[in-house]
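Data first, discussion second: the structure below is written as structure tokens.
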Amino acid sequence: MRTIFPPWLIGEFIGTFLLVFFGCGSVAAATLLGAQVGVFQVAIVWGLGIATAIFVTGALSGAHLNPAVTCAMATWRGFPARRVPGYVAAQLAGAFCAAVVLHGMFAGSLREFEAARHLTRGTAGSEASAMIYGEYFPNPGGKPLTEALRATLSPSGAFFIEVVGTAVLVLVILAVTDERNAARPRDLAPVVIGLTVTLLISVIGPLTMACFNPARDLAPRIWSALAGWGGVPFTANGWGWLTVYVIAPLVGGQVGGAIYRLLLREAYAAEK
């Protein structure tokens with residue numbers, strides 16, 4: 001029986017839903033309930049969630065699950081440019097729906113968390129709870145951003161960090177899925193990609209919360225604005241929501257793709 005929607009759309013929607021459900025869910029559980037101790041426990045849930053999402057949907061769409069990956073694939077791997085808007089739309093929709101589901105699950109815990117810390121949703125400081133959806137720099141760690149904390153990481157510094165993190169991620173994705181790479185992990189590529197995200201979050205998470213994925217950040221951020229945080233998700237870091245969490249990953253994906261094409265791809269071909 002044929003499905004109503006094309007397989008690639010289903011794959012990107014469900015895959016990104018799973019990615020955000022597990023990933024943002026781990027952030028919510030850690031922030032609101034103290035379920036995870038330390039950044040690594042959150043990072044490993046993100047990594048396992050991504051690996052699971054790739055295993056579930058890879059055969060349908062290639063499991064990009066990330067506009068930065070889709071754009072890099074279009075530039076450096078021959079992915080059809082006409083498919084990019086549809087892939088990105090499906091990714092954003094999946095991420096948004098996951099945020100809505102998580103809000104329904106954690107609504108009571110959110111209210112208790114905010115009441116205990118005298119946070120008023122939608123006012124300055126409520127990024128302490130909004131961080132379970134969108135990302136902020138420096139990592140609030142469940143607390144309002146203070147001037148002293150803001151001084152530890154500039155917008156340009158956060159931009160650079162997200163470019164580097166996304167470049168590494170895309171470089172790994174392209175390398176472990178290249179058939180010319182004799183050492184590629186084949187059926188275990190999703191595990192390697194998931195572990196790469198785990199490593200990156202462990203290093204970068206304490207700084208920028210480690211985005212690398214515009215859909216993962218923007219769609220839940222929009223939901224948080226609709227769910228009571230109002231303008232906070234788009235003002236707490238100034239234009240950082242756009243420059244650091246949308247533009248930087250897109251730039252980083254292109255950087256990672258360029259390094260792969262100029263260095264690794266040719267080296268793999270030379271070994272054949």
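Can you name every residue in the range 131-155 that is outside any loop (DSSP other than H, G, I, E, B) and closer than 19 Å to Val244 by Cβ? Correct list: Glu147, Leu149, Arg150, Pro155. Of the candidates Leu195, Leu199, Leu264, Leu250, the single residue that is in contact with a Leu (Cβ under 8 Å, 6 or more places away or on another chain) and touching a residue at least 60 places away in the same chain (Cβ under 8 Å) is Leu264. A search for C-beta distances below 6 Å between a residue of the range 59-80 that is of a type in the set (Ser, Thr, Tyr) and any residue that is crowded, with 24+ Cβ neighbours inside 10 Å, counting only pairs 6+ apart in sequence or on different chains, returns Ser61/Gly11; Ser61/Glu12; Thr70/His64; Thr70/Tyr87; Thr75/Gly257.
Could you check, for the range 29-37, whether at least one of its residues is closer than 26 Å to Thr177 by Cβ and either in contact (Cβ under 8 Å) with a residue 12 or more places away in the chain or assigned to a helix (DSSP H, G or I) (or both)?
Keep residues of the range 29-37 that are closer than 26 Å to Thr177 by Cβ, which gives none.
No, the conditions are met nowhere in the range 29-37.
Taking the criterion of being more than 23 Å from Val197 (Cα to Cα) and at pLDDT 95 or above, would at least one residue in the range 85-96 satisfy it?
Start the filter on the range 85-96 by keeping residues that are more than 23 Å from Val197 (Cα to Cα), which leaves 85-86.
After this cut, where a residue has to be at pLDDT 95 or above as well, the list is 85-86.
Yes, some residue in the range 85-96 is more than 23 Å from Val197 (Cα to Cα) and at pLDDT 95 or above.
Do we have any residue at all in the range 156-164 that's in contact with a helix residue (DSSP H, G or I) (Cβ under 8 Å, 6 or more places away or on another chain), outside any helix (DSSP H, G or I) and either over 22 Å from Ala225 (Cβ atoms) or in contact (Cβ under 8 Å) with a residue 12 or more places away in the chain (or both)? No, the range 156-164 has no match at all. Checking Arg180, Arg184, Arg261 one by one, the residue that is within 15 Å of Trp76 (Cβ to Cβ), among the basic types (Lys, Arg) and not in a helix (DSSP H, G or I) is Arg180 and no other.
Within the range 232-253, one or more residues are under 16 Å from the mean Cα position of the chain (by Cα), more than 16 Å from Ala158 (Cβ to Cβ) and assigned to a helix (DSSP H, G or I).
The values are calculated or read from the model by the stated rules, or taken from the named source; none is laboratory data. Note that the structure is a prediction, hence the values are computed from the model and not measured. Note: ideal-geometry Cβ built from the backbone for every residue, glycine included; neighbour counts use all protein chains shown.
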